[in-house]
Amino acid sequence: LRAHAVDMNGNKVENPIDLYIYVIDMNDNRPEFINQVYNGSVDEGSKPGTYVMTVTANDADDGTTANGMVRYRIVTQTPQSPSQNMFTINSETGDIVTVAAGLDREKVQQYIVIVQATDMEGNLNYGLSNTATAIITVTDVNDNPPEFTTSTVKAAGWCNAEQPQKGGRTSVVITRNLTGSLMGQAGSSNWGGMGLPTTTCTHSHCSFSQPKGPREEIQHFAAAVDYEMNRAFMLTVMVSNQAPLASGIQMSFQSTAGVTISVTDVNEAPYFPTNHKLIRLEEGVPTGTVLTTFSAVDPDRFMQQAVRYSKLSDPANWLNINATNGQITTAAVLDRESDYIKNNVYEATFLAADNGIPPASGTGTLQIYLIDINDNAPELLPKEAQICEKPNLNVINITAADADIDPNVGPFVFELPSVPSAVRKNWTITRLNGDYAQLSLRIMYLEAGVYDVPIIVTDSGNPPLYNTSVIKVKVCPCDENGDCTTIGAVAAAGLGTGAIIAILICIIILLTMVLLFVVWMKRREKERHTKQLLIDPEDDVRDNILKYDEEGGGEEDQDYDLSQLQQPETMDHVLNKTPGVRRVDERPIGAEPQYPIRPVIPHPGDIGDFINEGLRAADNDPTAPPYDSLLVFDYEGSGSTAGSVSSLNSSSSGDQDYDYLNDWGPRFKKLADMYGGGEED
């Protein structure tokens with residue numbers, strides 16, 4: 001604090017002075033542990049003095065005085081085995097160390113220690129205290145080798161590991177009775193003594209699964225076992241830890257046991273000893289020929305079973321198989337050139353099934369290599385060609401195609417037949433090599449057209465086959481380059497000179513007819529246009545707008561007797577009227593005249609004639625009323641609720657003022673001029 005001395009008037013009498021107040025610490029705070037629970041570990045068998053863990057507590061009081069000086073001690077230890085004082089703690093640092101020997105994880109796996117922290121330098125009478133829990137786990141070391149619980153094991157009632165194919169593998173459990181006593185911690189390398197890498201077997205067939213606990217399974221055989229060869233196996237199994245034993249342990253690190261395994265016989269599928277089986281034969285063998293016997297073997301020698309055969313795949317349906325002995329015969333002629341043949345090989349699959357319980361089956365593939373024979377005659381190529389009508393300009397290169405293969409194909413022999421004689425007279429063949437030849441004209445000139453030239457082609461098979469093929473040759477006139485001209489191409493199509501002239505005449509006639517038709521149409525159009533000019537525009541009703549707005553002078557200039565609009569009660573006065581006397585609004589009784597029938601599609605120039613004829617018929621029609629006659633409307637009966645229109649009266653007197661029509665706009669200007677007294681136009 002800073003103090004000031006002044007007099008009554010506030011005048012300074014002395015210099016300011018600083019006053020210091022020191023707060024003396026009181027022990028009013030307990031020590032507080034950083035954690036309420038501490039976890040530590042120590043290996044089993046550790047020597048006394050081995051460090052385990054450190055606990056720490058803080059005191060908020062003055063650390064330079066006894067109020068803030070904390071001391072540690074162990075209050076309790078649980079369990080108190082093998083000694084009640086297995087651990088000690090440094091009172092000043094809080095380090096926990098072992099103080100006695102005998103830590104054994106297989107006996108005690110965990111210790112719970114209560115630690116107390118007290119201030120006032122640990123004085124329990126004056127100091128304040130607090131506690132925390134230290135959990136000490138005893139970790140495992142490899143100080144116990146594995147041991148089998150029994151020296152001999154018999155695998156009874158295990159699943160069969162027999163395999164139909166030699167050298168196969170099975171993954172069935174043979175026995176689960178191979179157990180061991182493991183003292184190490186579960187899941188660690190000290191405990192996993194039954195693992196595959198460290199478990200060995202004196203028999204080459206056995207193998208082990210990965211460990212899943214203190215029980216080992218012989219999971220599979222490394223090689224297939226056969227009941228017909230061995231019905232039982234004697235195995236010696238040895239087990240050891242994956243980790244070496246801890247130093248100072250004077251014990252054997254492995255254990256052995258004997259295992260007796262019995263093989264149970266099951267139904268195995270028949271198998272074909274030779275699969276795929278390949279046979280060679282010539283194509284074209286007759287139907288019913290025995291090719292081979294494709295039989296299967298049933299490995300179950302101690303089971304009296306029958307094997308039956310059937311086809312599984314026969315794409316061309318060429319083969320049959322005997323169901324009892326597997327004999328293969330042909331059901332059709334085998335053709336090497338068929339689409340079912342790939343690289344000269346035909347492949348079929350057969351099924352062999354036994355009658356065991358349950359039945360088993362196996363498949364076998366038969367491959368038939370077909371040797372080619374000369375069963376296809378060569379075919380001439382090309383089928384069509386063209387040549388100039390004069391020789392030495394061009395030739396036709398010909399060859400042949402044969403579905404067979406060497407040596408039943410080329411070299412080919414090309415020759416012309418002797419019949420008809422005109423073939424050798426007009427044509428000749430020149431050999432180029434074993435596969436090609438040239439066809440050309442022998443004579444100096446041959447008329448244009450299409451000629452069928454037969455050529456005999458013979459292959460080199462044994463025996464050789466020949467075929468007479470026809471090539472269509474178009475002979476045509478050619479230009480200087482040896483190409484057919486346009487007229488020559490037409491002539492080569494098989495038409496003579498007379499036919500060509502006839503075709504040209506027909507074309508000229510057709511063009512002439514088309515020209516005459518066009519001229520006639522133009523003349524017709526000109527006449528129609530001239531006729532239209534002779535018609536008076538006022539009388540021409542075609543495509544004109546007719547005006548029908550002349551409705552007369554209205555009701556004021558007509559004095560009609562509206563009572564005539566009512567229909568009489570009966571028609572007797574009309575029927576009994578003397579001949580020659582009739583009302584103008586009555587339709588005469590009698591035959592009506594026939595109006596002229598308009599054509600369906602009249603010519604435009606006939607429209608005026610048609611209208612004139614209709615007008616004359618209407619003028620001579622006695623049933624047609626005049627334009628100003630009264631019309632008989634539908635009679636609605638007596639007693640109508642509608643009032644009589646005869647009561648309506650219009651007057652042209654000056655009583656009504658129509659000057660307001662001038663205010664209605666230009667649309668009512670005409671009415672305003674008529675009734676409003678305006679100036680006339």
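Has segment 456-471 got any residue that is modelled with pLDDT of 85 or more, open to solvent by 20 Å² or more (accessible area, probe 1.4 Å) and charged (D, E, K, R)? Within segment 456-471, not a single residue is modelled with pLDDT of 85 or more, open to solvent by 20 Å² or more (accessible area, probe 1.4 Å) and charged (D, E, K, R).
Tally up the residues in segment 283-310 that are within 44 Å of the chain's Cα centre (by Cα) and outside any strand (DSSP E or B), please.
Within segment 283-310, residues that are within 44 Å of the chain's Cα centre (by Cα) and outside any strand (DSSP E or B) number 2.
Screening residue 405 with (1) surrounded by 18 or more Cβ atoms within 10 Å (Cβ to Cβ); (2) of a type outside the set (Asp, Glu); (3) part of a loop (DSSP other than H, G, I, E, B) gives one miss only, at (1).
Hey, could you check segment 314-356 for residues that are open to solvent by 50 Å² or more (accessible area, probe 1.4 Å) and in a strand (DSSP E or B) and say which is farthest from residue 375 (Cα to Cα)?
Of the residues in segment 314-356, the ones open to solvent by 50 Å² or more (accessible area, probe 1.4 Å) are 315, 317, 320, 322, 324-325, 327, 333, 335, 339-340, 342-343, 347, 355.
Narrowing further to those that are in a strand (DSSP E or B): 320, 327, 342, 347.
On the way: 320: 24, 327: 28, 342: 18, 347: 22 Å.
Here the answer is 327.
Residue 427 passes every criterion in (1) open to solvent by less than 50 Å² (accessible area, probe 1.4 Å); (2) within 56 Å of the chain's Cα centre (by Cα); (3) more than 30 Å from residue 319 (Cα to Cα); (4) without any contact (Cβ under 8 Å) to a residue 60 or more places away in the chain apart from (2).
The single residue among 142, 125 that is surrounded by 20 or more Cβ atoms within 10 Å (Cβ to Cβ), out of contact with any Phe, Trp or Tyr (no Cβ under 7 Å at 6 or more places or on another chain) and assigned to a loop (DSSP other than H, G, I, E, B) turns out to be 142.
Residue by residue, here is whether (1) touching a strand residue (DSSP E or B) at 6+ places or on another chain (Cβ under 8 Å); (2) charged (D, E, K, R) holds:
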{"site": "394", "(1), (2)": "yes, no"}
{"site": "400", "(1), (2)": "yes, no"}
{"site": "404", "(1), (2)": "no, yes"}
{"site": "408", "(1), (2)": "no, no"}
{"site": "415", "(1), (2)": "yes, yes"}
{"site": "420", "(1), (2)": "no, no"}
{"site": "425", "(1), (2)": "no, yes"}
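So is residue 42 touching a Leu at 6+ places or on another chain (Cβ under 8 Å), outside any loop (DSSP other than H, G, I, E, B), closer than 30 Å to residue 137 by Cβ and in the same structural domain as residue 116 (by the TED database) or not? For residue 42, the condition - touching a Leu at 6+ places or on another chain (Cβ under 8 Å), outside any loop (DSSP other than H, G, I, E, B), closer than 30 Å to residue 137 by Cβ and in the same structural domain as residue 116 (by the TED database) - is met.
Among the strands (runs of 3 or more DSSP E) confined to segment 52-117, the ones with at least 3 residues that are among the β-branched types (Val, Ile, Thr) and open to solvent by 40 Å² or more (accessible area, probe 1.4 Å) are located at 71-78. Scanning segment 237-282 for residues that are touching a Ser or Thr at 6+ places or on another chain (Cβ under 9 Å), open to solvent by less than 40 Å² (accessible area, probe 1.4 Å), assigned to a loop (DSSP other than H, G, I, E, B) and at pLDDT 80 or above returns 269, 270, 272. Contact annotation: residue pairs with Cβ atoms under 8 Å, 6 or more positions apart or on different chains, pairing a residue in segment 329-352 that is assigned by the TED database to the domain that holds residue 316 with a partner that is of a type in the set (Lys, Arg) and open to solvent by less than 30 Å² (accessible area, probe 1.4 Å), are 344/336.
Within the option set 393, 439, 366, being farther than 30 Å from residue 306 by Cβ, at pLDDT 85 or above and either in a loop (DSSP other than H, G, I, E, B) or open to solvent by less than 20 Å² (accessible area, probe 1.4 Å) (or both) holds for one residue only, 439.
The values are calculated or read from the model by the stated rules, or taken from the named source; none is laboratory data. Note that the coordinates shown come from a computational prediction; the quantities given were computed from them, not determined experimentally. Here the Cβ is made from the backbone with ideal geometry for all residues, glycine too, and neighbour counts use every protein chain on show. These area figures cover heavy atoms from the full protein model, side chains too; ligands, DNA and RNA do not enter into them. Shrake-Rupley method; radii C 1.70, N 1.55, O 1.52, S 1.80 Å.
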